[in-house]
Amino acid sequence: MSRIAFIGLGNMGGPMAANLLKSGHELRVFDLVPAAVEAAVAAGARAAGSAMDAVEAAEVVISMLPASRHVEALYLGTDGLLAAIPAGALIIDCSTIATASAKKVAGAAAERGLQLIDAPVSGGTAGAAAGTLTFIVGGDGAALERARPILQAMGKNIFHMGDAGAGQVAKLCNNMALGVIMAVTGEAIALGAAHGLDPKVLSQMMAVSTSRSWATEVCNPWPGVLENAPASRGYTGGFGNDLMLKDLNLAAEAAAGTGATIPLGELARNLYALNSNAGNGALDFSSVVKVFKRPELT
Ligand code: NAD
């Protein structure tokens, strides 16, 4: 069992930390939001007063933060964690960030003799709670083997995509496809509803037909179709629209200069931007259905 510092206990980090505790690991945790720390303490973690405190004597450091700027600010610079993490510790960054940022932080860690892997995840908050996440890893193979038992306490599938940053590229490919699929699923259900179809029956039909997907079966965007989906609890507690918009912006950045064309990804990026601009940025990304849905339809 390892002494783990866990930084970032949000919608994903909170349940991931809880699964590590259930597997018997010792956790020191930090988040800027005190309530998130309290929830982890209730699950058996020890609270740290800062990220710096959390990493003291840690064998493994895990971060699960919103975006590149948070990860760079956490690790780099004179006040950054890389200067404080004990020699020989392994760093696992599970945040979804820019490939360039992932490479930069991994490079700085290597200069200090620390191993770091980028290990963004897929599976959503339900997967984080159930311990069935997919880890999409970039970095040294030996570092991944060190991380494997820890990742297995939080997830079911582990893919090694290549060197530092490769996990982030693969994660963006997945999320670009997810963003497009969620948007078109909402568009299709809204079309059916505009014709008086019952969105629940329509979704049940789609879920066993050729358009079946995670968006129809697990995170259906229409309120009331799936009891446990964010749509049925006011679009709270899932994967934020602003986070999906961040990932689609990263996909556009990743495509630039490579010759890859991403017309559907670009269209989806604009749809999620419209949804954020309408005041829905903090809601689950399935709220993108609001772009298509006539407000009187429920
Ligand atoms: P979130 O906003 O719910 O949680 C992020 C947490 O980080 C917050 O609790 C915040 O207070 C904390 N934080 C920010 N800066 C910090 C700092 N300097 N020190 C300590 N804590 C800090 O986000 P989330 O949904 O948990 O997502 C986290 C990452 O995982 C993102 O990169 C996201 O793109 C990715 N992701 C999310 C989902 C999902 O379904 N929510 C799925 C896959 C991947």
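The values are calculated or read from the model by the stated rules, or taken from the named source; none is laboratory data. Here the structure is a predicted model, which means the values were calculated and not measured. Backbone-built Cβ (ideal geometry, glycine too); neighbour counts: all protein chains shown.
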Pairs with Cβ under 8 Å, 6+ apart, first in the range 261-279 and closer than 17 Å to ILE181 by Cα, second polar (S, T, N, Q) = ARG269/ASN249; TYR272/ASN241; ASN275/ASN241; ASN275/SER287
Any residue at all in the range 80-97 that is among the hydroxyl-bearing types (Ser, Thr, Tyr), in a loop (DSSP other than H, G, I, E, B) and crowded, with 24+ Cβ neighbours inside 10 Å?
-> yes
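Determine whether ALA35 is in the same structural domain as LEU133 (by TED's automatic domain parsing), more than 10 Å from the ligand (Cβ to nearest atom) and either among the hydrophobic types (A, V, I, L, M, F, W, C) or in contact with a Gly (Cβ under 9 Å, 6 or more places away or on another chain) (or both).
Numbers: in the same structural domain as LEU133 (by TED's automatic domain parsing): yes; more than 10 Å from the ligand (Cβ to nearest atom): no; either among the hydrophobic types (A, V, I, L, M, F, W, C) or in contact with a Gly (Cβ under 9 Å, 6 or more places away or on another chain) (or both): yes.
The answer is no for ALA35.
Looking only at residues in the range 1-19 that are among the aliphatic types (A, V, I, L, M) and under 17 Å from the mean Cα position of the chain (by Cα), which one is farthest from the ligand (Cβ to nearest atom)?
Here is the first cut: in the range 1-19, the residues among the aliphatic types (A, V, I, L, M) are 1, 4-5, 7, 9, 12, 16-18.
After this cut, where a residue has to be under 17 Å from the mean Cα position of the chain (by Cα) as well, the list is 7, 9, 12, 16-18.
Numbers: ILE7: 5, LEU9: 6, MET12: 3, MET16: 9, ALA17: 11, ALA18: 13 Å.
So the residue we want is ALA18.
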Listed residues VAL37, VAL60, VAL71; which is among the β-branched types (Val, Ile, Thr) and farther than 26 Å from GLY238 by Cα?
-> VAL60
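Of the residues GLU38, GLU56, which is closer than 23 Å to ALA143 by Cα, out of contact with any Asp or Glu (no Cβ under 9 Å at 6 or more places or on another chain) and charged (D, E, K, R)? Explain how you work it out, then say what you get.
Values: GLU38 fails: closer than 23 Å to ALA143 by Cα.
Only one candidate qualifies: GLU56.
Just checking: which of the helices (runs of 4 or more DSSP H) contained wholly in the range 201-298 hold 3 or more residues that are surrounded by fewer than 21 Cβ atoms within 10 Å (Cβ to Cβ)? Don't jump to the end; show me each part of the working.
Working: elements: 214-217, 241-255, 263-275.
Those helices (runs of 4 or more DSSP H) span 241-255, 263-275.
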